[in-house]
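Sharing a structure with you now.
The values are calculated or read from the model by the stated rules, or taken from the named source; none is laboratory data. Treat the numbers as computed from the prediction; the structure is a model and nothing was measured. Every residue, glycine as well, gets a Cβ built from its backbone with ideal geometry; the counts of neighbours run over all protein chains shown. When the accessible area is computed, the model is the full protein with side chains, heavy atoms only, and any ligands, DNA or RNA have been set aside. Shrake-Rupley method; radii C 1.70, N 1.55, O 1.52, S 1.80 Å.
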Amino acid sequence: MSRRSTAVAASVLTVLALGAVSACSSTSSAASGGSGGTPTVKLMAGGLDKQIYLPYQLAQQLGFYKKYGVDVQLSTEQDGGVGAEEAMASGQVDMAGAWYNHTIEFQAKGKAVEDVVQLSGAPGEREMCTTKSGVTSGADFKGKTLGVTDLGSGTDTLTQFLAAKKGVKTSQFHRIAVGAGSTAVAALQKGKVDCVMTTQPTVAAIQKKGVGTSAIDLATTAGATTAMGGAYPAASVLARTDWVNQNKATVQKVVDALVATMHWINTHSAADIANKLPASFVSNQLVTKADYISALTEDKGQFLPDGIMPAGGPKTSLATERLVGNVKGAVDLGKTFTNDFAVQANKTEGFKTTTTPAGPNG
């Protein structure tokens, strides 16, 4: 997941210093177009093979980017490398497949970044704990060692939030970076952590190996609402506001493709989705294809059917950021997201929207 607060701060300073240079270099990739005048967009996601981020690749597999007239070049962030949102902010890529909360963090640091289409209403995460940990809620984090994807990541923020919501201070437990996939599984298996916050298919691998069980469910919109007090918008597409304003037609094409993808996900089974994804995503050293399908069936409820930012979602995200101390000043939520592109995409295709849209105040 794309998610390192300290690195983000450094990245923002770099962007502010370079300013127009990075903006121009990024804009040119979309404006110049590929063969036949088709605009090219570079999009980095926080892990293309993670189920929470599957829409970006699925849109490619379904041919939707091509259908809607845009050449989207996908890349994935690597453990220990630059995060997707950082790459977007510094102009290395045009768009980031990352969590919505980064727009709030960027604004707090003086950088205008916005969410142009919302793909999920939940983090898609589960707090996976060993049975002997005794963890059933954030109240039990005291004295425990908890694994997160990376320090400063979205999973780190959520871990601190779950603790703070139950009155447990960050000084009362220990957090370490364990990545995802095999490294997260190994951390539990070797007793380095009591719990790890992670997503599918890592969750399925942990359960299959019998090294941990789901203690806290943030994998579905319903689960996130119960644990966090409201829908928590996670997977989305982020871009710098100046870039969006200069490339509105191109942004619309990308959003058209992803809204069509969300509608396709909503009207097809987990097996149908798995059959369209690259074979290496659904069957590998961690999980079998059957495991993947079972996991996706269980957590498919995280995905929104229409790309609309849900009402209350931005407020829940801001409350999370404030509670863990990432944001302290005033935030204009209306500048952190837009539903305009998603509304137009649904209208163009004749899709019926079912998500209640967030207003300018979130």
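Can you name every residue in region 140-149 that is assigned to a strand (DSSP E or B) and either open to solvent by less than 10 Å² (accessible area, probe 1.4 Å) or hydrophobic (A, V, I, L, M, F, W, C) (or both)?
Listed by number, the residues that qualify are LEU146, GLY147, VAL148.
Okay, moving on. Could you list all residues from region 215-256 that are β-branched (Val, Ile, Thr) and within 17 Å of PRO357 (Cα to Cα)?
Once the filter is applied, which keeps residues that are β-branched (Val, Ile, Thr) and within 17 Å of PRO357 (Cα to Cα), region 215-256 yields THR221, THR225, VAL237, VAL255.
Restricting region 71-99 to residues that are among the charged types (D, E, K, R) and open to solvent by less than 10 Å² (accessible area, probe 1.4 Å), which is nearest to the chain's Cα centre (by Cα)?
GLU85
Next question, about the same structure. Return only the number of the condition from (1) crowded, with 24+ Cβ neighbours inside 10 Å; (2) modelled with pLDDT of 95 or more that ARG175 does not satisfy.
Every listed condition holds for ARG175 apart from (1).
Only one of LYS169, LYS192, LYS165, LYS208 is under 18 Å from THR297 (Cα atoms), open to solvent by 30 Å² or more (accessible area, probe 1.4 Å) and basic (Lys, Arg); which?
Of the residues listed, the single one that is under 18 Å from THR297 (Cα atoms), open to solvent by 30 Å² or more (accessible area, probe 1.4 Å) and basic (Lys, Arg) is LYS208.
Exactly one condition in (1) more than 30 Å from GLY110 (Cβ to Cβ); (2) open to solvent by less than 40 Å² (accessible area, probe 1.4 Å); (3) among the aliphatic types (A, V, I, L, M); (4) outside any loop (DSSP other than H, G, I, E, B) is false for ALA290; which is it?
Of everything listed in (1) more than 30 Å from GLY110 (Cβ to Cβ); (2) open to solvent by less than 40 Å² (accessible area, probe 1.4 Å); (3) among the aliphatic types (A, V, I, L, M); (4) outside any loop (DSSP other than H, G, I, E, B), ALA290 misses just condition (2).
While we're on this one: Which count do you get for residues in region 259-287 that are touching a helix residue (DSSP H, G or I) at 6+ places or on another chain (Cβ under 7 Å), assigned to a loop (DSSP other than H, G, I, E, B) and among the β-branched types (Val, Ile, Thr)?
1
Right, next: Could you grab the pairs with beta carbons closer than 9 Å, sequence gap of 6+ or different chains, first residue in region 347-362 and within 19 Å of ASN101 (Cα to Cα) and open to solvent by less than 70 Å² (accessible area, probe 1.4 Å), second one among the hydroxyl-bearing types (Ser, Thr, Tyr) and not in a helix (DSSP H, G or I)?
As it stands, the answer is GLY362/THR336, since those pairs meet every condition given.
Still on this structure, please answer the following. Across region 222-275, what is the total count of residues that are surrounded by fewer than 20 Cβ atoms within 10 Å (Cβ to Cβ), of a type outside the set (S, T, N, Q) and closer than 25 Å to GLN61 by Cα?
Qualifying residue count, region 222-275: 8.
Mind listing just one residue for me: the one in region 316-349 that is over 26 Å from ASP256 (Cα atoms), assigned to a helix (DSSP H, G or I) and of a type in the set (D, E, K, R) and, of those, nearest to the chain's Cα centre (by Cα)?
Ranking the qualifying residues of region 316-349, first place goes to GLU321.
Can you say whether GLY152 is open to solvent by 10 Å² or more (accessible area, probe 1.4 Å), free of Cβ contacts under 8 Å to residues at least 40 places away in the same chain and among the small types (Gly, Ala, Ser), as far as the supplied structure shows?
Judged against the criteria, GLY152 is not a match.
Within the set of pairs 6 or more residues apart or between chains, which connect a residue that is open to solvent by less than 30 Å² (accessible area, probe 1.4 Å) inside region 300-317 to a residue that is of a type in the set (D, E, K, R) and outside any loop (DSSP other than H, G, I, E, B) with Cβ atoms less than 7 Å apart?
MET309/ASP115
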